[in-house]
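Values quoted throughout were computed directly from the atomic coordinates according to the rules given, and no laboratory measurement underlies them. Because the structure is a prediction, the values reported are computed rather than measured. Cβ atoms come from the backbone with ideal geometry, glycine included; neighbour counts cover every protein chain shown.
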Amino acid sequence: MTCFNETLRLTKLRLLQLHYEANCGHLGGNFSCIDALMTLHHRVMKPEDRFILSKGHSAGALYTTLWSLGHLSDTDLKSFIQDNSLLPGHPSGSGIPGLLFSTGSLGHGPSLAAGLAVALRHKRLNHQVFCLCSDGEWQEGSCWEALNFSVHQRLENLTILIDQNGLQGFGRTKQIVSCEDLLPRISAFGANAIRVNGHDHAAIEEALRTSSEGSPRIIILETTKGRGLHFADKLESHYLPLSQEEYLTARNFFEQEIFE
Amino acid sequence: MRKAFAGAVLAQCNRPDFFFLTGDLGFMALEEVQASFGERFINMGVAEQNMIGVAAGLARESFRVIAYSIAPFCYARPFEQIRNDICLGKLPVCLVGNGGGYAYGHMGPTHHALEDCAAMSALGVRVLVPAFDDDLPALLTQIDGPTYLRLGYEVRPANQAVPQYAPWRELLPGNGGAIAALGPIAGLAWEALLDLDLDSRPSVWAVCEPASVEIPSEFSRQIEGKTLYVLEEHVAQGGLAMNLTLRLAEHGALPRQLIHRPALGYPNGRFGSQAFHRAQCGLDAASIRSMITGVHHASRQQA
């Protein structure tokens, strides 16, 4: 656990540096899901499992997670949102091992993941498929199409995580088109849905390891957008890059962060 | 063409590496495919965005996938899924749009597909428009990347043998220029002009791949200094004529004159059968024949 915590700390610092050096926004959604991404990739996923980042605007969190696993180098990360790069602001499905699809337009991941899950089941392979969505993303009708299908197909090898940070592009989710009650809505479709603290690594791991017999598993991660940053839980965290002072303050926070 | 398609799927694609997805369509056509494919046949319900996403997921795991629906539900509704999920990954998914052009006639404009080839070509999808039922087996062996197969109703003149499939085929010889006709319209033109003599009719070519193959040199030769006719049950924008004339211009092989008959939408705001809509666009047999005899008559007077 200590080793994981240290890796997580370094990865958060690297994510912070990545966005700061690239003068890139979208920090909020990256820091709301980095705990779950790291827990999933380091403590649950096996090499043969599949992962789709449906909330493609958290590409930085995925890239640094892959960096923490040794799949991307520091040189690779330096090319983030630069010219002639394999690391655009939303992930491309070509060029980076493990990235299967180009994502960024919301609402695509659940169907793609369902297709992978059907294929793996048909091949009689015991691999798991994981897909990370945002909460605003569930305003897309295609997510519900995919959920309906996945429940009907009893895709128990499929897990969809939803980063419920409560903020989206131009306001709070509950004030735009509310997704606050995602859990009962999704449960009503017949999926095994649970809610966990999306910054509690042990709780995330336990949820990911709970069996989901006869149904896809949906894990709703209660998170804080931009956790650890000066604009945590504020709309600005969706767009704005960091000034030097804000960067140094955030570095200090993550260097001192105490893990439960 | 639906039943011929189903037969061709059974003959060419009933292999362990193929999945068949349908958007809840195929009554009295796909039952045998369903039975033969077993769990590799999935009725996806009325959810076309999901159908295409799932198709991409299957294809990413090395399956070839056929995704079938009424044409506009197949290419227009899930347009972004086609673009991002299939085309960016160059995945082997064949979208099958039944009822190309006005083929769904009386069902109304929501069921017509008039801009499908342009939309799919613009994404880099290989567009296949069979002219005859016999073309389907050959076409279904070509699903190596993103593909759109537009199904319609064949027109086949009585007592005429259909030449073997090729992306461009000469169906009828003629000395008065050449007709390039998209898919089934070629059979209609063939039938309409069959009894005219060689000097008073153009040749008739069936074009089944409007954007992705080289124009035969024989066709270019036939239009040199003569009239090029393009017939397509598809809007002008991004259709066969635009693709063809661009490529001819690039090669400096321009005809003396271009006469283009595309789909015109709904010019009088009224709706009817496929034959009704074709007639409104000058794409019925009588209109095609009178177009040719009119041009021939005018050119003789000029001479």
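With all pairs of different alpha carbon atoms counted, what Kirkwood hydrodynamic radius in Å does region A:1-58 show?
12.4 Å is the Kirkwood radius here.
Count the net charge of all other residues whose Cβ sits under 15 Å from the Cβ of A:I176, scoring Lys and Arg as +1 and Asp and Glu as -1.
Result for the local shell: -2.
If I take the Cα coordinates of region B:1-49 and project them onto the principal axes, what are the three extents in Å, biggest first?
Over region B:1-49, Cα extents along the principal axes are 28, 24, 17 Å.
Please provide three numbers in whole Å: the alpha-carbon extents of chain A along the principal axes, with the largest listed first.
Taking max minus min along each principal axis of the Cα atoms, chain A gives 51, 39, 37 Å.
Kindly put B:V125, A:V151 in sequence by how many other C-beta atoms sit within 10 Å of each C-beta, fewest to most.
Lowest count first: A:V151, B:V125.
Can you tell me the Rg and Dmax of region B:211-293, counting just the alpha carbons, in angstroms?
Cα-based Rg and Dmax for region B:211-293 come out at 14.2, 41 Å.
Longest exposed-loop-site-free stretch of chain B, with trypsin sites (Lys or Arg not before Pro), DSSP loop and at most 15 other Cβ within 10 Å?
Free of exposed loop sites, the longest segment is B:91-255.
Starting from the Cα gyration tensor of region A:5-103, multiply each eigenvalue by 5, take the square root, and state the resulting semi-axes largest first in whole Å.
18, 16, 13
If you take the square roots of the eigenvalues of the alpha-carbon gyration tensor of region B:1-158 and sort them as a ≥ b ≥ c, do you get rounded (a/c under 1.5), prolate (a/b over b/c) or oblate?
Rounded is the answer for region B:1-158, as its axis ratio a/c remains below 1.5.
Using Cβ counts within 10 Å as a stand-in for footprinting exposure, how do B:H112, B:H251, B:H296, A:H238 rank, fewest first?
Ranked by crowding around the Cβ, least crowded first: B:H251, B:H296, A:H238, B:H112.
For chain B, what is Rg from Cα atoms divided by 2.2 N^0.38 Å, rounded to two decimals?
1.00
Sorted from largest to smallest, which semi-axis lengths in Å does the alpha carbon gyration tensor of region B:50-98 give for its equivalent ellipsoid, taking the root of 5 times each eigenvalue?
Taking √(5λ) for each Cα gyration eigenvalue gives 16, 11, 8 Å.
Binning every alpha carbon pair distance of region B:165-303 at 5 Å from zero, what are the percents per bin?
P(r) over region B:165-303, rounded to whole percents: 2, 11, 21, 24, 20, 13, 6, 2, 0.
What is the sum of charges around A:V196, taking Lys and Arg as +1, Asp and Glu as -1, for the other residues whose C-beta is under 9 Å from the C-beta of A:V196?
Around A:V196, the charge tally is -2.
What aspartates and glutamates sit close enough to B:K90 to cross-link, taking a C-alpha to C-alpha distance under 18 Å and skipping anything fewer than 8 places away on the same chain?
The reachable aspartates and glutamates, counting only those whose Cα sits under 18 Å from B:K90, are B:D17, B:E61, B:E80, B:D144.
With all pairs of different alpha carbon atoms counted, what Kirkwood hydrodynamic radius in Å does region A:167-260 show?
15.6
Jot down the radius of gyration and Dmax of region B:107-210, Cα atoms only, both in angstrom.
14.6, 43
Arrange B:M51, B:M28, B:M120, B:M242 by Cβ neighbour counts within 10 Å, fewest through most, would you?
Ascending number of Cβ neighbours within 10 Å: B:M28, B:M242, B:M120, B:M51.
Return the Rg/Rh value of the protein assembly as shown, two decimal places, where both radii are evaluated on C-alpha atoms and Rh is the Kirkwood radius.
We get a ratio of 1.08 for the protein assembly as shown.
Expressed as a whole percent, how much of the Cα-Cα distance distribution for region A:72-173 exceeds 21 Å?
Percent of Cα pairs beyond 21 Å in region A:72-173: 45.
Treat every Asp and Glu Cβ in the protein assembly as shown as -1 and every Lys and Arg Cβ as +1, leave all other atoms uncharged, and give the resulting dipole magnitude about the Cα centre to the nearest 20 debye.
The calculated dipole for the protein assembly as shown is roughly 600 debye.
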